[in-house]
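Colleague: Quick one: the structure is below, and I'll ask about it shortly.
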Amino acid sequence: MAETLTNPEPAKRLPRKRIAKGPARPQYFENRDLDRMMIMFVALMAEMMAIRDRLDTDEALLESTGKLSAEAIESFQPGEEREQAREEARLAMMRRVFRVLREEFEGDA
């Protein structure tokens, strides 16, 4: 005799742990401490770039309205020309900061 289940209770699903395969972080330098310092350095550089964008926003608002407010700063949308200038400044900073590594890498090629 075959049993049939009527209205079975759904099984509770537990969230699966998502674990990336492979090493936790790629290693670029022989010394892991250098990798850690580079990660911290790049994070600081990203923060510096964000501060420069924020300063540019302040300058744009002062030029256009003569005053600043938190709301105006948060809602500011740079125009295409200003955004292009910001991107060029970011790239210039990265070229200056990573010049030594780039020159060394290109010298090995």
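Colleague: So is residue 92 aliphatic (A, V, I, L, M) and exposed (fewer than 10 other Cβ atoms within 10 Å of the Cβ) or not?
Modeller: For residue 92, the condition - aliphatic (A, V, I, L, M) and exposed (fewer than 10 other Cβ atoms within 10 Å of the Cβ) - is not met.
Colleague: Here are some conditions: (1) under 28 Å from residue 99 (Cα atoms); (2) more than 20 Å from the chain's Cα centre (by Cα); (3) surrounded by 12 or more Cβ atoms within 10 Å (Cβ to Cβ). Residue 30 meets all but one. Which one does it not meet?
Modeller: Just one mismatch for residue 30, condition (3).
Colleague: Follow-up question, since we're still on this one. Has the range 59-80 got any residue that is more than 30 Å from residue 104 (Cβ to Cβ), modelled with pLDDT under 95 and among the basic types (Lys, Arg)?
Modeller: Yes.
Colleague: To continue, here is another question. Filter the range 35-62 down to residues that are farther than 24 Å from residue 91 by Cβ and either loosely packed, with under 13 Cβ neighbours inside 10 Å or in contact with a strand residue (DSSP E or B) (Cβ under 9 Å, 6 or more places away or on another chain) (or both), then give me how many there are.
Modeller: Qualifying residue count, the range 35-62: 2.
The values are calculated or read from the model by the stated rules, or taken from the named source; none is laboratory data. All of these numbers come straight from a predicted model, not from anything done at the bench. All Cβ positions, glycine included, derive from the backbone under ideal geometry; neighbour counts span all protein chains shown.
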